[in-house]
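Written below as structure tokens is the structure these notes are about.
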């Protein structure tokens, strides 16, 4: 992937006018945490399922009726890799933030009996060079800020470890940061719990939500507090008259599954078990936030010139160790497995884009898109066509897809996860993966076995075709190995010998 180059002077002098002389659009990127492909009343499949009938997300349905649904949208299987790819345009194999981050120089990998894991970038992204175990970047909001956008971050950041420059979203070009820090989940969603602080204001854990003190002690849910603050920031943006970029990055629907009492009881009244009712209420509270933002855009007249992008950062939490005896609160079926897995349930996401005057309302697209594509796409939407980054950009703009023009070529997506995540479940472990056309190949570093699926006819990955299609396995293995080495990707090693695991094309 080539690096995109241009003069910083062009960016510094950019005004509210796009490259074609038109008005620059406002952009709202609405990212949900851990939301599964089925955690919505809006089906992203060829048919409705019982999970679509469990949830109530009327504003996702509203957004889809006004925009385009993407039914083959992908991210990484864990939060930090996805978020770092979104902010940089780099594939996780390249930026090496391949597992979730929290503490400086501390790996979050679980121990394994056979594998030793590489020294990945446990400290996340950095906006300055020289910080150990980080990926030095020119971030998306910084480029937008230079181009004249008022940049707002609201909610979960999870871009860099505690006590590194990446822990604060402001360092990446956000002019406003609401409640974003190093942690990847909330200690509590409840205002009555001070969002994870004790009675004298001390955080009860590293996951305590910073700021939002005006809501401490109140009967208010975190998703609502964040939305109120985001709307205040938008009021300011509207007064400035600048185009704005709002990164509405909810902590929802990540654990803990606290009860959002605005919606909880109606699910109980439907006979839904308590854990499932609490999760459905958490999802609906997120959906209400989306509706509140859409309402504000309409009431202020900004809806005609505002792009809204909806996405989740990884699959729903369905791992076995998190779902013992009634603890399961999400399900991705007919997809296999969930968060942390190389199977579709871990990486396939709900995605919607509304772009007034460009995207056909109520349309669908089944072309492959990936989380790193958001970087060049959003810059193109903003009219920033020439720019300079210190990192290589792997993503490809999906603006042609939004315009109904098609891509004109077959897309190849790859994933690399040379790590061990927190849970056990199908497809969870050290893997690398490639999807090209309908074919998907998963390679398991630990034992070297490969699985091949025809996703178009087997979305649930139940029929491994590797023994029946050896030529396809060999072809995809070569392509995957070549791409991984080209990105200087990492791989685990065997503890017994210290030798690295073979690349997929070495077996």
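The values are calculated or read from the model by the stated rules, or taken from the named source; none is laboratory data. The shown structure was predicted, so the numbers you read here are calculated from the model rather than taken from an experiment. A quick note on method: Cβ atoms are made from the backbone with ideal geometry, for glycine too, and the neighbour counts reach across all protein chains shown.
For segment 119-148, what are the residues that are part of a loop (DSSP other than H, G, I, E, B) and surrounded by fewer than 20 Cβ atoms within 10 Å (Cβ to Cβ)? Selection gives 119, 128, 129, 130, 132, 148.
Only one entry of 308, 268 meets the criterion of being assigned to a helix (DSSP H, G or I), buried (at least 16 other Cβ atoms within 10 Å of the Cβ) and at pLDDT 95 or above, and that entry is 268.
For the structure I just gave you, tell me whether residue 153 is in contact with a strand residue (DSSP E or B) (Cβ under 9 Å, 6 or more places away or on another chain), surrounded by fewer than 23 Cβ atoms within 10 Å (Cβ to Cβ) and not in a loop (DSSP other than H, G, I, E, B). Answer is no for this residue.
Conditions (1) within 22 Å of residue 152 (Cα to Cα); (2) modelled with pLDDT under 95; (3) touching a strand residue (DSSP E or B) at 6+ places or on another chain (Cβ under 6 Å); (4) assigned to a helix (DSSP H, G or I), marked per residue:
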{"residue": "30", "(1), (2), (3), (4)": "yes, no, yes, no"}
{"residue": "39", "(1), (2), (3), (4)": "no, no, no, no"}
{"residue": "47", "(1), (2), (3), (4)": "no, yes, no, no"}
{"residue": "52", "(1), (2), (3), (4)": "no, no, no, yes"}
{"residue": "62", "(1), (2), (3), (4)": "no, no, no, yes"}
{"residue": "69", "(1), (2), (3), (4)": "no, no, yes, no"}
{"residue": "72", "(1), (2), (3), (4)": "no, no, no, no"}
{"residue": "80", "(1), (2), (3), (4)": "yes, no, no, yes"}
{"residue": "85", "(1), (2), (3), (4)": "yes, no, no, yes"}
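When segment 350-376 is limited to residues that are assigned to a strand (DSSP E or B) and more than 17 Å from residue 396 (Cβ to Cβ), the one that is nearest to the chain's Cα centre (by Cα) turns out to be 350.
Condition check ((1) over 24 Å from residue 74 (Cα atoms); (2) in contact (Cβ under 8 Å) with a residue 60 or more places away in the chain) across all residues:
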position	(1), (2)
454	no, no
461	no, yes
467	yes, no
472	no, no
494	yes, yes
501	yes, yes
504	no, yes
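Selection within segment 213-259: residues that are under 19 Å from residue 31 (Cβ atoms) and more than 21 Å from the chain's Cα centre (by Cα). The member of this set that is surrounded by the most Cβ atoms within 10 Å (Cβ to Cβ) is 221.
Could you say whether any residue in segment 189-204 is touching a residue at least 12 places away in the same chain (Cβ under 8 Å), assigned to a strand (DSSP E or B), surrounded by fewer than 19 Cβ atoms within 10 Å (Cβ to Cβ) and touching a strand residue (DSSP E or B) at 6+ places or on another chain (Cβ under 9 Å)? Yes: one or more hits.
Being touching a helix residue (DSSP H, G or I) at 6+ places or on another chain (Cβ under 6 Å), closer than 17 Å to residue 315 by Cβ and surrounded by fewer than 21 Cβ atoms within 10 Å (Cβ to Cβ) is a property that does not hold for residue 81. Among the candidates 390, 384, 399, the residue that is within 30 Å of residue 500 (Cβ to Cβ) and over 16 Å from the mean Cα position of the chain (by Cα) is uniquely 390. Candidates 349, 298, 372, 284: the one that is modelled with pLDDT of 95 or more, crowded, with 16+ Cβ neighbours inside 10 Å and more than 26 Å from residue 89 (Cβ to Cβ) is 284.
Number of residues in segment 268-303 that are without any contact (Cβ under 8 Å) to a residue 12 or more places away in the chain and within 21 Å of the chain's Cα centre (by Cα) equals 0. With respect to residue 209, determine if the residue is modelled with pLDDT of 95 or more, closer than 30 Å to residue 385 by Cα and buried (at least 20 other Cβ atoms within 10 Å of the Cβ). It is false that residue 209 is modelled with pLDDT of 95 or more, closer than 30 Å to residue 385 by Cα and buried (at least 20 other Cβ atoms within 10 Å of the Cβ).
May I ask you to say which residue of 104, 110, 50, 94 is free of Cβ contacts under 8 Å to residues at least 24 places away in the same chain and either farther than 30 Å from residue 281 by Cα or surrounded by fewer than 17 Cβ atoms within 10 Å (Cβ to Cβ) (or both)? The conditions single out 50.
If you go through segment 157-174 and pick out every residue that is assigned to a loop (DSSP other than H, G, I, E, B) and more than 16 Å from residue 28 (Cβ to Cβ), you end up with 9.
Mind listing just one residue for me: the one in segment 379-391 that is surrounded by fewer than 18 Cβ atoms within 10 Å (Cβ to Cβ), in contact with a helix residue (DSSP H, G or I) (Cβ under 7 Å, 6 or more places away or on another chain) and modelled with pLDDT of 95 or more and, of those, farthest from residue 358 (Cα to Cα)? Ranking the qualifying residues of segment 379-391, first place goes to 388.
Looking at residue 244, is it out of contact with any strand residue (DSSP E or B) (no Cβ under 9 Å at 6 or more places or on another chain) and modelled with pLDDT of 95 or more? Answer is no for this residue.
Table: residues versus (1) in contact with a helix residue (DSSP H, G or I) (Cβ under 6 Å, 6 or more places away or on another chain); (2) free of Cβ contacts under 8 Å to residues at least 60 places away in the same chain.
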{"position": "121", "(1), (2)": "no, yes"}
{"position": "126", "(1), (2)": "yes, yes"}
{"position": "134", "(1), (2)": "no, yes"}
{"position": "147", "(1), (2)": "yes, no"}
